[in-house]
């Protein structure tokens, strides 16, 4: 079997894996959002992520002041904004990790089922 035959034979299986993973993530997300409304969840996560944004801004300001002695204020401000954005993004990702883990576990569960079905198709069990 050359590459093109192998690719043609496995393209459908790859699509099935991708679709089952997306479907699993979607259904897990719906289950999570039935227990926890989205807007209060995002507001609370964003409020808790502000501490990480402040820490990132402080680190950015320190980095900007120490990097170039000629244009301290412009560079410090730019580094502070970049640090705040990165800190807020990291804090928001950390605070919403329960939603992310729910999505990933749902996707992996569905992918596992699809892989098992594919294995059984390729290796049929004869009980007789």
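The values are calculated or read from the model by the stated rules, or taken from the named source; none is laboratory data. Please read all numbers here as calculations on a predicted model, not as lab measurements. Note: ideal-geometry Cβ built from the backbone for every residue, glycine included; neighbour counts use all protein chains shown.
What the table shows:
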read-out: Among the residues listed as 28, 51, the single one being surrounded by 14 or more Cβ atoms within 10 Å (Cβ to Cβ) and on the phi < 0 side of the Ramachandran plot; value: 28
read-out: Residues of the stretch 9-18 satisfying the condition of being free of Cβ contacts under 8 Å to residues at least 24 places away in the same chain and surrounded by 11 or more Cβ atoms within 10 Å (Cβ to Cβ); value: 10, 18
read-out: Among the candidates 99, 39, 61, residue that is farther than 30 Å from residue 9 by Cβ, in contact (Cβ under 8 Å) with a residue 60 or more places away in the chain and assigned to a helix (DSSP H, G or I); value: 99
read-out: Hits in the stretch 34-76 - residues which are more than 26 Å from residue 95 (Cα to Cα) and at pLDDT 90 or above; value: none
